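These notes are about the structure you will find just below.
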Amino acid sequence: MRVLLDENLPADLVADLVEVDATTVGKAGWGGITNGELLRRMAGQFNALLTMDRNLQHQQQIAQLPFGVVLVRAPSHRLVHLRPLIPAILAALSALQPGELRGREQPGT
């Protein structure tokens, strides 16, 4: 599974996602582009977008995408808050279908 990490997630998180082929928006050379353009570029290249952008579901038609989106909900984008969520993130990715949004609730968010 090819997974793209949105700019709002730390690049170091890629190293923790060992069960998938993950890269970042920055490494793909797509830094600073709009969400709509990012989603268009992802089509055919990635199976999933991993993001913390809670507005994405309201701004884009996720159900129409040829890949799925996993929304990570954590107190911050710091690795100390994200690493405990890795098993749940990987589980969400493994069950993700095209056009599906999966969110991970974290107490306090």
Taking Cα atoms only, helix 86-95 is inclined relative to the longest principal axis of the chain by an angle, in degrees rounded to 10, of 40 degrees
The rounded separation in angstrom of the Cα centers of segment 68-86 and segment 1-67 is 14 Å
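How would segment 1-45 be classified by its alpha-carbon gyration tensor: rounded, prolate or oblate, with rounded meaning a/c under 1.5 and the a/b versus b/c comparison settling the rest? Each step should come with its number before you reach the end.
Values: a/c = 2.59, a/b = 1.43, b/c = 1.81.
In terms of gyration-tensor shape, oblate.
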Between A11 and A28, the two model label points (7 Å from Cα along the beta-carbon direction) sit apart by a distance in nm of 1.6 nm
Across A74, A91, A22, the residue with the highest GNM fluctuation in the chain (Cα network, 10 Å cutoff) is A91
Of the convex hull enclosing the alpha-carbon atoms of the chain, the direction-averaged projected area in nm² is 6.1 nm²
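Helix-only estimate, please: 222 nm mean residue ellipticity of the chain, summing -39500 (n - 2.57) across DSSP H runs of length 4 or more and dividing by its residues, to the nearest 500. Let's see the in-between values first.
On the way: 4 runs with 26 residues, N = 109.
Result for the chain, helices only: -5500 deg cm²/dmol.
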In order over segment 59-71: 3J(HN,Hα) from phi, Karplus 6.51/-1.76/1.60, θ = phi - 60°, whole Hz, x for each Gly or Pro, gives 9, 10, 8, 4, 4, 8, 7, x, 9, x, 10, 10, 9
For the pair I86 and R41, the simple spin-label estimate (label points 7 Å beyond Cα toward Cβ) gives in nm 2.7 nm
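Any read-out appearing in this document is the output of simple, stated calculations on the displayed coordinates, not a laboratory observation. Because the structure is a prediction, the values reported are computed rather than measured. When we count neighbours, we look across all protein chains shown, and the Cβ atoms used for this are built from the backbone with ideal geometry, even at glycine.
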